[in-house]
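Shown next, in structure tokens, is the structure this report addresses.
The values are calculated or read from the model by the stated rules, or taken from the named source; none is laboratory data. Given the structure is predicted, the values throughout are model-derived calculations rather than measurements. All Cβ positions, glycine included, derive from the backbone under ideal geometry; neighbour counts span all protein chains shown.
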Amino acid sequence: MSIFELRCLTKSYGKKVALNNVGLTLEAGRIVGLLGPNGSGKTTLIKLANGLLRQTEGMIFIDGKEPSTETKSIVSYLPDKDFLPDWMTVKDIIAYYVDFYSDFDTERAKTMLGNLNIDENMRLGKMSKGTREKVRLILTMARRAKVYFLDEPIAGVDPAARDYILRTIISNYEPDALVVISTHLIADVENVLDEAVFLRNGEVILHKNVEELVEEQGKSLDGYFREVFAC
Amino acid sequence: MDWEFKKGVPIYIQIIEKIEFDLLSGKYKVGEKLPSVRELAMEANVNPNTMQKAFSEMERMELIFTERTSGRYVTTDQTKIDALKKELSKKYVDEFFDTLHSLGFDDNEILNAVNTKCKGEE
Amino acid sequence: MLGRLIKYDFKSTFRSLLPLCAAFIVVGALAGLSIPDFDAKTAPPTVIVVLWGTIMFALVALTVAVSIISMIIVITRFYKNLLGSEGYLSFTLPVSAKMHLTSKCISGYVEFAIAFLSGIISYGLFLLIAVARVGNLINFKKVFEELAALIVNVDAPYAVFFILTALAGTFQALIKIYFSMMLGHQSEDHKILMSFVGYIVISIIEATIEHIISIIFLGVSFISETTDVVSLGYLIMTFVITMIFNIVYVIGTYYLMNNKLNLE
């Protein structure tokens, strides 16, 4: 049984169709890129998988179950939003994660914070934007989840931290976990991806192994993406 | 160690090339234990599955072998390494000739250039 | 899990609520401590009177402030934690919408209660200290006696329903705010504006329904024969209607939170 499956998934807002009859199956032990221009439905898809939206039609299965409190305990989501409470310190938010997620690995979190020289006692509201992004990523990756959804994990971060983040994603790799990365910065992440899913206007137009695609097309994933989505 | 990958060529092929390079340049000695797939993947900033694929291919090529409990090792068979050396030298020489031919050099001019270089190095 | 949600609600809101209520209580005590003896043989010095006057002003200001700010604190907590960016954190916790709503209902109610109690304590301290210090404030004694007489005359069912209605009414104030916010959240832009509009619309519907019901039940007399205040029957009816509204609002809020969530 695959760890992530979408069947005939449709989400519409009145007349506007964000996702149109999407079918997709992803296996554990893979790092998958969810790629497409703005408005292609990437964020809608991820929100649906996380139970933040209700679909209009179709089904979503995470490890065989539909999105619920049960699936939330095995899915770790990094949204493209600053969701941290200003008033908490790093220590506070770690305690919060420990309180609610049984799979949170405090040791791992503290190690990563140390590697990036982030002071545990600092208030989140007082940190720079870049540092807050790093904290959010660390919290997400410190969970030993079965499915990770990372929405633009490296977009607002400096190049050195980007490398660290990609290495963290690689080092976090578990054969029984799925990592889905949704991003614009394809060139930066393509070496880390097993598979690529191209989304256009709410439909999946491609789902392929990246190495196979590169071999077939004789160009990088980024190059092929630009070709496919040329305006 | 910096891994540089070029576009348009599958990563696993480029990984194999680099490791072959390291084998011949002496970075990895005959019979030496290789770092784990995960370690190398992190170093190269690539997907562990891709690194795994490269390793599997090199195993098929009999350049490395797996010891079930302890990991992966460079082959102890020197003939394999010698064959690799020969293969790569042919490949780079062919590339060299192809490049210079496309620049308009004929074989004699190429030989002269090579001789000059060798004399210069003496 | 519910306990933890409530814990974090309190952690967030107490930062501003408790200092405010503490200040309120302290000023109440100060008012009692600084009240001059107006019945003394010599008139108290102007300075003292002005000082007390200032403190009284602060007390009144704080009364208004605590009433308004406690409501703002409750509203802000709900909005920030569930409907703002933090909503991405809250709603991806392995916790149901039902629990989130329950937590907000409990913590919001407790926060209102704390604000209310701080008022009781504040004014209570003011009066007790004032009477203890400047005992011959005849006005206060008379008020105490009249209140005592009133309370003694009240019978048990009446008192019970009075308290129940007050408690239910407080919950209604709370859940109405939450429901309006969920309604406002449904609109694409101007979510906050639409929350206000929603609140006004709900209030109008509420008032209309209550009016219709009171017309239907015209038989229930408004003023009882035995005392000068509202009759028991009317009180019970108010309680029942309040509870019905509460149930409707809770169901409505839950439905929207569980099925119609659309975080930006």
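General observations
- When the stretch A:56-92 is filtered for residues that are surrounded by fewer than 19 Cβ atoms within 10 Å (Cβ to Cβ) and outside any loop (DSSP other than H, G, I, E, B), the ones remaining, listed by number, are A:GLU57, A:GLY58, A:MET59, A:PHE61, A:LYS65, A:THR69, A:GLU70, A:THR89, A:LYS91, A:ASP92.
- Unique residue being over 22 Å from A:ILE154 (Cα atoms) and either in contact with a His (Cβ under 8 Å, 6 or more places away or on another chain) or at pLDDT below 95 (or both) when the list is A:SER73, A:SER68, A:SER102, A:SER128: A:SER68
- C:GLY28 being over 13 Å from C:ARG133 (Cβ atoms) and in a helix (DSSP H, G or I): yes
- Yes/no for C:GLY87 being within 14 Å of chain A (Cβ to nearest Cβ) and over 25 Å from the mean Cα position of the chain (by Cα): yes
- Scanning the stretch B:1-18 for residues that are surrounded by fewer than 16 Cβ atoms within 10 Å (Cβ to Cβ), more than 10 Å from chain A (Cβ to nearest Cβ) and in contact (Cβ under 8 Å) with a residue 12 or more places away in the chain yields one hit, B:MET1.
- One residue from A:LEU206, A:LEU199 being surrounded by fewer than 22 Cβ atoms within 10 Å (Cβ to Cβ), within 25 Å of A:LYS11 (Cβ to Cβ) and touching a Leu at 6+ places or on another chain (Cβ under 9 Å): A:LEU206
- When we screen C:ALA43, C:ALA23, C:ALA31 for residues that are modelled with pLDDT under 90, out of contact with any Ser or Thr (no Cβ under 6 Å at 6 or more places or on another chain) and either surrounded by 15 or more Cβ atoms within 10 Å (Cβ to Cβ) or more than 26 Å from C:ILE177 (Cα to Cα) (or both), the only hit is C:ALA43.
- Filter result (charged (D, E, K, R) and outside any helix (DSSP H, G or I)) within the stretch A:93-103: A:ASP103
- Every pair of residues 6+ apart whose Cβ atoms lie under 7 Å, when the first sits in the stretch C:61-75 and is in contact (Cβ under 8 Å) with a residue 60 or more places away in the chain while the second is among the small types (Gly, Ala, Ser) and surrounded by 13 or more Cβ atoms within 10 Å (Cβ to Cβ): C:LEU62/C:ALA23; C:ILE73/C:SER16; C:VAL74/C:GLY108
- Condition check for A:ASP163: under 17 Å from the mean Cα position of the chain (by Cα), more than 8 Å from chain B (Cβ to nearest Cβ), of a type in the set (D, E, K, R) and more than 23 Å from A:SER2 (Cα to Cα): no
- Qualifying residue in the stretch B:59-73 (condition: in a helix (DSSP H, G or I) and either touching a Pro at 6+ places or on another chain (Cβ under 7 Å) or closer than 26 Å to A:VAL192 by Cα (or both)): yes
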